[in-house]
1. Could you list, in sequence order, the residues of the range 11-35 that are of a type in the set (A, V, I, L, M, F, W, C), modelled with pLDDT under 85 and open to solvent by less than 100 Å² (accessible area, probe 1.4 Å)?
2. Out of the residues in the range 36-67 that are aromatic (Phe, Trp, Tyr) and touching a residue at least 24 places away in the same chain (Cβ under 8 Å), state the one that is least open to solvent (accessible area, probe 1.4 Å).
3. If you go through the range 19-64 one residue at a time, how many are of a type in the set (Ser, Thr, Tyr) and touching a Leu at 6+ places or on another chain (Cβ under 6 Å)?
4. So the check is Cβ under 9 Å with 6+ separation or different chains; which pairs have a first residue in the range 21-35 that's in a loop (DSSP other than H, G, I, E, B) and a second one that's acidic (Asp, Glu) and surrounded by 14 or more Cβ atoms within 10 Å (Cβ to Cβ)?
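The values are calculated or read from the model by the stated rules, or taken from the named source; none is laboratory data. Just so you know, these numbers come straight off a predicted model, no measurement behind them. Heads up, the Cβs are rebuilt from the backbone with ideal geometry, glycines too, and the neighbour counts pull from every protein chain shown. With ligands, DNA and RNA removed, areas are computed over all heavy atoms of the protein, side chains included. Shrake-Rupley method; radii C 1.70, N 1.55, O 1.52, S 1.80 Å.
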Amino acid sequence: MSDVQFIKSLIDGKYAEFPMARITLYDNQGNRCEADWQRHTGQWVNLFSGNITECLSFIEENEQWFQ
């Protein structure tokens, strides 16, 4: 995963984000997470629940959702 890049949140208009996917953390250890995808309507749809490693693997294996 060396080619993964993270951007900072919108600060002074320097970065624009167009969220299509998100990982929601439910604990500090990353044991309870959800991988979600945003529909064209703005609704979030849960596609997978698990720990952070499983969510990242799910995202990598399902490129049709997470481009």
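1. The answer is Ile11, Ala16, Met20, Ala21.
2. Keep residues of the range 36-67 that are aromatic (Phe, Trp, Tyr), which gives 37, 44, 48, 58, 65-66.
Within this subset, residues satisfying the condition of being touching a residue at least 24 places away in the same chain (Cβ under 8 Å) are 37, 65-66.
Working: Trp37: 59, Trp65: 91, Phe66: 26 Å².
The extreme case among them is Phe66.
3. Residues in the range 19-64 being of a type in the set (Ser, Thr, Tyr) and touching a Leu at 6+ places or on another chain (Cβ under 6 Å): 0 in total.
4. Cβ pairs passing all conditions: Tyr26/Glu34.
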